[in-house]
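A short write-up of the structure that comes next.
Read the figures in this text as sums done on the coordinates, not as results from a lab. All values derive from a computational prediction rather than experimental measurement. Because the Cβ atoms are built from the backbone with ideal geometry, glycine has one as well, and the counts that use them run over all protein chains shown.
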């Protein structure tokens, strides 16, 4: 039973959070943490499990955001209706980028994702139908419940929590399926996996498409929360950066890694923004850059891997702890 | 062919030579160590800012700014190699990409924080006036940038193919362990490669600073241009980068003139993606 104690406590805390810390700022902060946790978990499918570093994930985020807002602006439908369209679009773009690049070395994939994100951002900025530089807005006054336009962040919080649970469930199911075995084999040694008959390119492509679809949902939810989307907030490269760094900081390729990353970085950014105002924007990304650099240099496995290693060492004899040189009492 | 068109093509070739210069740095490092430097465009941006700072502090133009920018960036290249690259080279792909990408963010937003997001520029006439050849009007600053970039890129090619230093570097690229057995230090050679690659970006940055807009995020665009150039020219090939750089300069200028200024980047990115589909080994390269 003790195995399930801590997960239950954490889950209860997460559910109770917006009711206990109930100022609008705190509720919104909670919703944003969950939202970025969804996006980072989605990135994790291709970046962590498949080991293919996408630096342009914002393009899928933007697909969802624009589809949701477009459904309202152009067809007067609920933004929810836009979600499937956003998923289809994101998966199609993922296929277009993934088919040629996932056969090549991982660098090509990363470069292509940057290029496609910039390409889409430029095209959208110059397309009047998509609001050009101004962007698209959602419903300001909700017509009915399905417009999902609330003043309080509380409903969004629980909506995002539900979507995050589904995302994690899908990821977990994937790792325990045949595809999960292939992905692990590919990550260990792609050449060995291929020589044993694992369909490497196709598996990576499926992971990329799955990741794109999930990211698009996150984008749609984000647009509903803030009520609009423009090229900067829906397609700017910095969104990609945030998504990527959260997953990498927490632990890429671990189920709960992106959650840990989002829980650390989103409050950090929101608080530094409210303290420093506009001047903090540049500084935040200086810190982000430094964090990514340090992770890559010293701890590519992220925080969770580090914690796990220290945890495993806990029961070992004193000598092992001293040898590690860390002042970490058992 | 209309006269304006010739003018546009010449302008594209001159800019393309600068693209070739900084892209050859990227291709050198990629070919030698199989590392893609995602901060490459931001190195160029730093070169531009060095030229700008030199001008605002001492009031001197690119003649002093360019060598200094080359030196500063070459030093940075060595620091980056020993501080970061040497360790992440052996690590997983995730660490390689995140490492240089984090460096890119760090550089870009440090400059952003320090200088602000405003567009800066050097005075128009810092490299005197405009030349007229057979009716073609070429700004002296662009001519200087294009010619110097072309010469240095060719010099880089000669350095790699005709000197003993170049042979040593190629030996390390081929097989670092075997090179070490022959008495060549891979570490030193790789540091030299980083110094050359980063120095080239510094020079290129200082050269275009005289007529390009100077802004912290310019490195993102230039970085993608470098990727396109390298993937078009075939990785590891300086002559390939030269041809591809000139070609991209011309394509960019032509599409800017024929379709509209906002579409010139779109055309280049679309070209890149279509190349990945149809000819990933580049124009002249082998895979």
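Here are the numbers for the structure shown:
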quantity	calculated
Length added when fully stretched, residue A:188-residue A:88, from 0.36 nm per residue minus Cα-Cα	32.9 nm
Using alpha-carbon coordinates, inclination of helix B:93-115 to the longest axis of chain B, degrees	40
Within a Gaussian network of chain B (alpha carbon springs, distance under 10 Å), most fluctuating of B:266, B:224, B:35	B:266
Spin-label model distance (nm) - residue B:132 vs residue B:56, 7 Å beyond Cα toward Cβ	3.7
Tilt relative to chain B, helix B:140-162 - C-alpha long axis, 0 to 90 degrees, to 10	20
Förster radius 51 Å - calculated FRET efficiency between residue B:180 and residue A:152, Cβ distance, rounded to 0.05	0.20
Geometric extent, Cα atoms of the protein assembly as shown - Rg, Dmax (angstrom)	25.2, 88
Computed over the stretch B:3-219: relative contact order in percent, which uses C-alpha pairs under 8 Å that are six or more apart	45
Contact order normalised by residue count of chain A, Cα under 8 Å, 6+ apart, percent	29
Among A:87, A:292, A:245, residue whose mean-square fluctuation peaks in a GNM of chain A (springs only between Cα atoms under 10 Å)	A:292
Separation between Cα centres of the stretch A:197-273 and the stretch A:2-72, rounded to whole Å	8
Shape category assigned to the stretch A:1-72 from the gyration tensor of Cα positions, a/c cut at 1.5	oblate
Square roots of 5 times each gyration tensor eigenvalue, C-alpha, the stretch A:35-258, largest first, Å	31, 19, 13
Cα pair distances of the stretch A:204-276 binned at 10 Å [whole percent]	17, 44, 34, 4, 0
Cα pair distances exceeding 16 angstrom across the stretch B:172-254, given as percent	66
Residues B:133, B:227, B:115 arranged by fewest to most Cβ contacts within 10 Å	B:133, B:115, B:227
17 Å cut-off, amide nitrogen to a point 7 angstrom out along residue B:89 Cα→Cβ, residues in the stretch B:222-259	B:236
Helical contribution to [θ] at 222 nm, DSSP H n ≥ 4, -39,500 (n - 2.57), averaged over the protein assembly as shown, rounded to 500	-24500 deg cm²/dmol
Percent breakdown of C-alpha pair distances by 10 Å bin, ordered from the shortest bin, for the stretch B:91-131	23, 26, 23, 19, 8, 1
Extension gain (nm, one decimal) between residue A:141 and residue A:11, 0.36 nm per residue minus Cα-Cα	43.5 nm
Residue order, fewest to most surrounding Cβ atoms within 10 angstrom, among A:128, A:147, B:87	A:128, B:87, A:147
Sequence of A:63, A:8 once ranked by neighbouring C-beta atoms within 10 Å, starting from the fewest	A:8, A:63
Rounded to 10°, Cα long-axis angle of helix B:238-258 versus longest principal axis of chain B	30
P(r) tail fraction, the stretch B:3-219 - alpha-carbon pairs more than 29 Å apart, %	30
Selected from A:240, A:274, A:41 as most flexible by GNM, with chain A as the system and alpha-carbon contacts under 10 Å	A:274
Alpha-carbon centroids, the stretch B:185-202 and the stretch A:148-167: separation in whole Å	51
